Amino acid sequence: MAFKGTIIIDTQRCKGCSVCVQNCPNQCIRLSKSVNGKGYRYAELAADNCIGCASCAIVCPDSVISVYKVKI
């Protein structure tokens, strides 16, 4: 059974520390070119190859990332 992952990031709470970017094994997260209401470049899903490993959510110091897996 195969799974596909995705993440949802609370962009208004993200401080753009890029810890999630560095810890993503598939490099599917990047910092946005836009800024949020606090002036930070926030993290965003950049590619469709997320496996739902939750590495990003585990290392996020502000707990702004939710990880989901769906069967495909």
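The values are calculated or read from the model by the stated rules, or taken from the named source; none is laboratory data. As the structure is a prediction and not an experimental result, all values here were calculated from the model. No Cβ is skipped: glycine too gets one built from the backbone with ideal geometry, and neighbour counts run over all protein chains shown. With ligands, DNA and RNA removed, areas are computed over all heavy atoms of the protein, side chains included. Shrake-Rupley method; radii C 1.70, N 1.55, O 1.52, S 1.80 Å.
Just give me the residues in the stretch 22-36 being open to solvent by less than 40 Å² (accessible area, probe 1.4 Å), assigned to a strand (DSSP E or B) and either farther than 15 Å from residue 60 by Cα or of a type in the set (Ser, Thr, Tyr) (or both), in sequence order.
The answer is 32, and nothing else.
Among the residues of the stretch 12-39, which ones are in contact (Cβ under 8 Å) with a residue 24 or more places away in the chain, among the charged types (D, E, K, R) and touching an Asp or Glu at 6+ places or on another chain (Cβ under 9 Å)?
Scanning the stretch 12-39 gives 13, 15.
Starting from residues that are of a type in the set (A, V, I, L, M) and not in a loop (DSSP other than H, G, I, E, B), keep the ones in the stretch 37-47 and report whichever is least open to solvent (accessible area, probe 1.4 Å). Reasoning before the result, please.
Of the stretch 37-47, the ones of a type in the set (A, V, I, L, M) are 43, 45-47.
Adding the requirement that they be not in a loop (DSSP other than H, G, I, E, B) leaves 43, 45.
On the way: 43: 2, 45: 64 Å².
Here the answer is 43.
Condition test on residue 22, is it over 11 Å from the mean Cα position of the chain (by Cα) and polar (S, T, N, Q)? Break it down into steps so the answer makes sense when it comes.
Values: over 11 Å from the mean Cα position of the chain (by Cα): no; polar (S, T, N, Q): yes.
It is false that residue 22 is over 11 Å from the mean Cα position of the chain (by Cα) and polar (S, T, N, Q).
Going by the structure shown, is residue 13 open to solvent by 40 Å² or more (accessible area, probe 1.4 Å) and either of a type in the set (Phe, Trp, Tyr) or not in a strand (DSSP E or B) (or both)? Even if it seems obvious, please write down each step before you answer.
Details: open to solvent by 40 Å² or more (accessible area, probe 1.4 Å): yes; either of a type in the set (Phe, Trp, Tyr) or not in a strand (DSSP E or B) (or both): yes.
Criteria met by residue 13.
Checking residue 65 against (1) surrounded by 16 or more Cβ atoms within 10 Å (Cβ to Cβ); (2) among the β-branched types (Val, Ile, Thr); (3) free of Cβ contacts under 8 Å to residues at least 40 places away in the same chain, which single condition isn't satisfied?
So residue 65 meets the others, but not (3).
Looking only at residues that are among the polar types (S, T, N, Q) and part of a loop (DSSP other than H, G, I, E, B) in the stretch 48-72, which one is nearest to residue 3 (Cα to Cα)?
Looking at the filtered set, the residue picked out is 49.
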